[in-house]
Amino acid sequence: MSSSLMKLKGQFENAPVLWDAVENAQINPLMLEKHMYKVKTEIMGSHIDGIKSIISEGIEKGYRYDKVGDKIQRYLGVKGVEISSSDSEKIAVTETHWSINEGRRQSFQKVGIKRMEIDVALTACEICSDMSGETFPVDQTDVCPVHTRCRCALVPVFNFENN
């Protein structure tokens, strides 16, 4: 079992039937993780503006992920939402990379770039490594981050053959 699947398995300790479906290839683990992330985001929905502000401040000031995570944890605690430091840092990493990649994607669109690809991080997991070299239309918004804690980046694909 790949290390990325092992990490994912830990999230299903209380749901063995669901994990069995993942192991038996009835459910794509990447899609399941994306769905879980979406559900968590919807639960946090009423607090999303505050979290976005913290993420923006972290990017602008160059804060480390643990500092952004601590700020998210304190913010949510004041709002009555208990969250572990691990989960708050996971939000910090994932949302920071989503924000940066979304900014890149929008910049690509503005200058007329038609396709982009994922530049996999040096420490990329098996899921991301498998996506290396794939290209995506620049108007596709759900490309990267691929999963929580993903540190891969979107880069433009230049077509020099037409120049």
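The values are calculated or read from the model by the stated rules, or taken from the named source; none is laboratory data. Given the structure is predicted, the values throughout are model-derived calculations rather than measurements. Because the Cβ atoms are built from the backbone with ideal geometry, glycine has one as well, and the counts that use them run over all protein chains shown.
Restricting to the range 108-126, name every residue that is crowded, with 20+ Cβ neighbours inside 10 Å and either in a helix (DSSP H, G or I) or in contact (Cβ under 8 Å) with a residue 60 or more places away in the chain (or both). Spell out the reasoning first.
Step one: filter the range 108-126 for residues crowded, with 20+ Cβ neighbours inside 10 Å, giving 116, 118, 120, 125.
Selection gives Cys125 alone.
Can you say whether Ile83 is free of Cβ contacts under 8 Å to residues at least 40 places away in the same chain, part of a loop (DSSP other than H, G, I, E, B) and surrounded by 17 or more Cβ atoms within 10 Å (Cβ to Cβ), as far as the supplied structure shows? Even if it seems obvious, please write down each step before you answer.
Working: free of Cβ contacts under 8 Å to residues at least 40 places away in the same chain: yes; part of a loop (DSSP other than H, G, I, E, B): yes; surrounded by 17 or more Cβ atoms within 10 Å (Cβ to Cβ): yes.
Yes.
Being buried (at least 16 other Cβ atoms within 10 Å of the Cβ), assigned to a helix (DSSP H, G or I) and at pLDDT 80 or above: is that true of Gly77 here? Criteria not met by Gly77. If the condition is being more than 15 Å from the chain's Cα centre (by Cα) and closer than 29 Å to Ile72 by Cα, then the range 91-122 contributes Gln106, Ser107, Leu122. I'd like to know if the range 138-148 contains one or more residues that are assigned by TED's automatic domain parsing to the domain that holds Lys52, modelled with pLDDT of 90 or more and surrounded by 12 or more Cβ atoms within 10 Å (Cβ to Cβ). For the range 138-148, residues assigned by TED's automatic domain parsing to the domain that holds Lys52, modelled with pLDDT of 90 or more and surrounded by 12 or more Cβ atoms within 10 Å (Cβ to Cβ): present. Within the range 94-107, the set of residues being surrounded by fewer than 19 Cβ atoms within 10 Å (Cβ to Cβ) and not basic (Lys, Arg) comprises Trp98, Ser99, Ile100, Glu102, Gly103, Gln106, Ser107. Figure legend. Inter-residue proximity from the range 44-65: first residues in the same structural domain as Thr94 (by TED's automatic domain parsing), second residues in a helix (DSSP H, G or I) and of a type in the set (Ser, Thr, Tyr), beta-carbon distance below 6 Å, spacing 6+ or different chains. Indicated pairs: Gly50/Tyr75; Ile55/Thr96; Ile55/Ser99. Among the residues of the range 86-105, the one identified as free of Cβ contacts under 8 Å to residues at least 12 places away in the same chain and within 11 Å of Leu154 (Cα to Cα) is Gly103. Would you be able to say whether some residue in the range 3-26 is under 21 Å from Cys144 (Cα atoms), modelled with pLDDT of 85 or more and in a helix (DSSP H, G or I)? The answer is no; no qualifying residue exists.
Being of a type outside the set (D, E, K, R), touching a Phe, Trp or Tyr at 6+ places or on another chain (Cβ under 8 Å) and part of a helix (DSSP H, G or I) is the requirement here; does Thr94 meet it? I'd like the intermediate steps shown before the answer.
On the way: of a type outside the set (D, E, K, R): yes; touching a Phe, Trp or Tyr at 6+ places or on another chain (Cβ under 8 Å): yes; part of a helix (DSSP H, G or I): yes.
When the stated conditions are applied, Thr94 passes them.
On the given criteria, is Ser46 of a type in the set (S, T, N, Q) and modelled with pLDDT of 90 or more? The answer is no for Ser46.
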